[in-house]
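The values are calculated or read from the model by the stated rules, or taken from the named source; none is laboratory data. As the structure is a prediction and not an experimental result, all values here were calculated from the model. We place every Cβ from the backbone using ideal geometry, glycine too, and count neighbours over all the protein chains shown. To get the accessible areas, we keep the full protein, side chains included, count just its heavy atoms, and leave off ligands, DNA and RNA. Shrake-Rupley method; radii C 1.70, N 1.55, O 1.52, S 1.80 Å.
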Amino acid sequence: MVSETVKTIVVSGYYGFRNSGDEAVLQSILSALEEEGRAAGILIKPVVLSINPEWTSRTYGVKAVHRMKLAEVRNAIKNSDGLISGGGSLLQDATGLGSIPYYLGILKLAQWMGKPTFIYAQGIGPVNRKLFRPFIASVFRRCEYISVRDSESAALLHSMGLPRDGIQVVPDPVMGLALPEGEAAGTGSSSEELPVVGVSVRFWNADREELAKLAEGLASLCRRCAVHIRFLPFHVPGDDEASRFVIERMGNVAEFGCTVSTAAETEHPYEMLREVSRCRLLIGMRLHSLIYAASQEVPLLGISYDPKIDHFLSRLASVPVGSSAELDPRIVASQAERLLSEGDAWRKNQASRIDELKREAREPAKRIVVFVRSRE
């Protein structure tokens, strides 16, 4: 009996923090690596760098080490066949100065140890401090494979001196995430009497004006048609508080025959994916709420607070219903009512785009597996 070829790959990203979007990215990468490895006749053994390795190991059934313990990280890389950095928005300085040095440092450590490095569907930027740019370019030039999740990220890397033909633009990995076998892909339906409108919100503006206007729009929708407004907190704590803020300002929608609820905190990305699959419509600020909806063929309305929302919607030939700077409650209500009545037409119109995005989302895993397979 011939023993199966085993390849160990370290996966670096914003993992273990229980942010539903980032955890979905991890699950997507793990699933894609497993399937592409199986197709190539090899077994991929991931080792995840996590802030909470015990939780990550328990949740995903993989080995994990603490991302901030250098000795553990170094040992994991030393005993691996390569390192993946991604996905998500890892190389950006909008949320602080520590992110870019950390993720570049992990890549550089692997390169010093002679390990192949791969950039997996990252969203690059913003990089406001010019001093970071030559360091990003230097590390990326030594990567065996680079993929980014939008053309704007590719343009930013090109502006740093990286050749365009060395950068592959692919969808966010979560577009390739499917519910476990046996569970039907979403059709925007559920067994509930009222159509479910999923809502994913986050705090952004200091005055919360965009959330107050969304609350007004949702209340207006309830006056137009009876629905179940289901709030979906993707990042707890925070999104649940933002959800309560909106609910309090919607008023008493029960008098119009509507109901309101909030999903409990989820442990695994599949749980939130199931929530989204039961929706007839998804109204989202969080990027991954919109990606979940698209992957489950649920009509969606995006509220933009960051260019990444606009970039994703453009791949569906769509635009945001509004932004954190300008949101009209009347437009939210009218567009939501339209999509609730035209769901089948939306799915038919988007079917080919969604299928293409799902195929493209698996390309990084395929390319990485081919590379490590060739180094036997």
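Things to note:
- Members of segment 313-324 that are crowded, with 16+ Cβ neighbours inside 10 Å and modelled with pLDDT of 95 or more: Leu313, Leu316, Ser318, Pro320, Val321, Gly322, Ser323, Ser324
- Residues of segment 22-43 that turn out to be of a type in the set (A, V, I, L, M, F, W, C) and open to solvent by 20 Å² or more (accessible area, probe 1.4 Å), as a count: 3
- Candidate set: segment 196-206, residues that are touching a helix residue (DSSP H, G or I) at 6+ places or on another chain (Cβ under 6 Å) and not in a strand (DSSP E or B); chosen: the one nearest to Arg280 (Cα to Cα): Val201
- Taken together, Leu340, Leu327 contain a single residue that is among the aliphatic types (A, V, I, L, M) and open to solvent by less than 20 Å² (accessible area, probe 1.4 Å), which is Leu327.
- No other residue among Ala215, Ala219, Ala242, Ala226 is at pLDDT 95 or above, surrounded by fewer than 18 Cβ atoms within 10 Å (Cβ to Cβ) and either more than 15 Å from Leu194 (Cβ to Cβ) or in contact with a helix residue (DSSP H, G or I) (Cβ under 9 Å, 6 or more places away or on another chain) (or both) apart from Ala226.
- Across segment 149-175, the number of residues qualifying as open to solvent by 40 Å² or more (accessible area, probe 1.4 Å) and of a type in the set (Lys, Arg) comes to 1.
- Long-range neighbours under 8 Å by Cβ, at least six apart or interchain, first residue at pLDDT below 95 and surrounded by 23 or more Cβ atoms within 10 Å (Cβ to Cβ) within segment 186-211, second part of a loop (DSSP other than H, G, I, E, B) and of a type in the set (Asp, Glu): Gly186/Glu297; Gly188/Glu297
- Some residue of segment 207-224 being assigned to a loop (DSSP other than H, G, I, E, B) and closer than 26 Å to Leu273 by Cα: no
- Residue list for segment 258-305, restricted to those being open to solvent by 40 Å² or more (accessible area, probe 1.4 Å) and either in contact (Cβ under 8 Å) with a residue 24 or more places away in the chain or in contact with a His (Cβ under 7 Å, 6 or more places away or on another chain) (or both): Thr259, Val260, Thr262, Glu265, Glu267, Tyr270, Arg274, Arg278, Arg280, Glu297
- Unmet criterion (only one of (1) touching a residue at least 40 places away in the same chain (Cβ under 8 Å); (2) assigned to a helix (DSSP H, G or I)) for Leu90: (2)
- Ile77 vs. criteria over 18 Å from the mean Cα position of the chain (by Cα) and either buried (at least 23 other Cβ atoms within 10 Å of the Cβ) or touching a residue at least 60 places away in the same chain (Cβ under 8 Å) (or both): yes
- Any hit, segment 324-336, residues being in a loop (DSSP other than H, G, I, E, B) and either in contact with a helix residue (DSSP H, G or I) (Cβ under 6 Å, 6 or more places away or on another chain) or under 27 Å from Val11 (Cα atoms) (or both): yes
- Among the residues of segment 53-62, none qualifies, meaning not one is within 30 Å of Lys130 (Cα to Cα), open to solvent by 20 Å² or more (accessible area, probe 1.4 Å), of a type in the set (Val, Ile, Thr) and out of contact with any Gly (no Cβ under 6 Å at 6 or more places or on another chain).
- Wholly enclosed helices (runs of 4 or more DSSP H) of segment 228-318 bearing at least 2 residues under 29 Å from Arg58 (Cα atoms): 239-250, 269-277, 287-295
- Inspection of segment 88-95 finds no residue satisfying the criterion of being open to solvent by less than 60 Å² (accessible area, probe 1.4 Å) and farther than 24 Å from Asp172 by Cα.
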